[in-house]
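The values are calculated or read from the model by the stated rules, or taken from the named source; none is laboratory data. These numbers were taken from a predicted model, which means no experiment stands behind them. Virtual Cβ from ideal backbone geometry, glycine too; neighbours counted across all protein chains shown. Side chains are part of the model used for accessible areas, which takes the heavy atoms of the whole protein and leaves out ligands, DNA and RNA. Shrake-Rupley method; radii C 1.70, N 1.55, O 1.52, S 1.80 Å.
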Amino acid sequence: MSVSQKVVLRYPPSLTEKPVVYELVKKYNIMFNILKARFSADDKEGLLVLELSGTNTSLKKGFDYLHKLGVKTELLSQDIVRNENKCVHCGVCSAVCPTNAFYVKSPEMYVTLEMARCIGCEECLKVCPYNAIEISFDIK
Ligand code: SF4
Ligand code: SF4
């Protein structure tokens, strides 16, 4: 079964010329999607935010490979954010949210987001007809 993980990779300048991500695909059959890439101002560290997809075994081997190279990895912390200017409180997100993080508050009938209940499944993101839901990545 294929699983996806969003991960932050931090690596030293010595690795920037190496095809690290390509090797993940070739050696471990891991697919990737680049969400963000940047260098720190002092060029001491490169940063890549990737969505990696593969089996649990291939992902584990891929992470071992990265760690042996000296790449630091951390799972990405992300928040669902609702754009209040775009939201029309139609309730579509609350219908699909498995944890009731999005729910319709009575009697006002406003759709409310209770972030503490969110498990980050992104179902709401797929269905919002007004593109009012976004993901905010917390990268330090
Ligand atoms: S689906 Fe989108 S527009 Fe509708 S209530 Fe949810 S966030 Fe608002
Ligand atoms: S990401 Fe999933 S759990 Fe979180 S608010 Fe959206 S649908 Fe609900």
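How big is the convex hull of the Cα atoms of the chain, per residue, in Å³?
129 Å³
Note down the accessible area of E74, probe 1.4 Å, to the nearest 10 Å².
80 Å²
Please list 3J(HN,Hα) in residue order for region 115-121, calculated via the Karplus relation 6.51 cos²θ - 1.76 cosθ + 1.60 where θ = phi - 60°; whole Hz, with x for glycine and proline.
Along region 115-121, the couplings run 4, 4, 8, 6, 10, x, 6 Hz.
Working from Cα positions, state the angle (0 to 90°, nearest 10) between the long axis of helix 56-69 and the longest principal axis of the chain.
50 degrees
Can you give me the pair-distance distribution of region 78-138, C-alpha pairs, 10 Å bins, whole percents?
Spelled out bin by bin, region 78-138 gives 24, 61, 14, 0 percent.
Of the candidates L125, L50, L76, which one comes out as most mobile in a Gaussian network treatment of the chain with C-alpha springs shorter than 10 Å?
L125
Pop out the ³J(HN,Hα) list for region 7-17 in order, Karplus 6.51 cos²θ - 1.76 cosθ + 1.60 with θ = phi - 60°, rounded to Hz; leave Gly and Pro as x.
9, 9, 10, 10, 9, x, x, 4, 9, 5, 7
Quick one: how many Å² of K6 are accessible to a 1.4 Å probe, rounded to 10?
40 Å²
Given Y65, G91, L47, which one lies farthest toward the positive end of the charge dipole of region 47-111, if we put +1 on the Cβ of every Lys and Arg and -1 on the Cβ of every Asp and Glu?
It is Y65, whose Cα lies furthest towards the positive end.
Quick check: Cα centre of region 81-101 to Cα centre of region 1-77, how many Å?
32 Å
Can you pull the percent of the chain's accessible area that's carbon plus sulfur, 1.4 Å probe, other chains left in place?
Using a 1.4 Å probe with all protein chains present, the chain comes out at 53 percent carbon and sulfur.
Please get the size of the charge dipole for the chain, origin at its Cα centre, with Cβ charges of +1 on Lys and Arg and -1 on Asp and Glu, quoted in debye to the nearest 20.
Result for the chain is approximately 440 debye, rounded to the nearest 20.
Enumerate cysteines in the chain without a disulfide-compatible partner, where compatibility requires another Cys Cβ under 4.7 angstrom.
Result for the chain is C87, C90, C97, C118, C121, C128, no neighbouring Cys Cβ within the cutoff.
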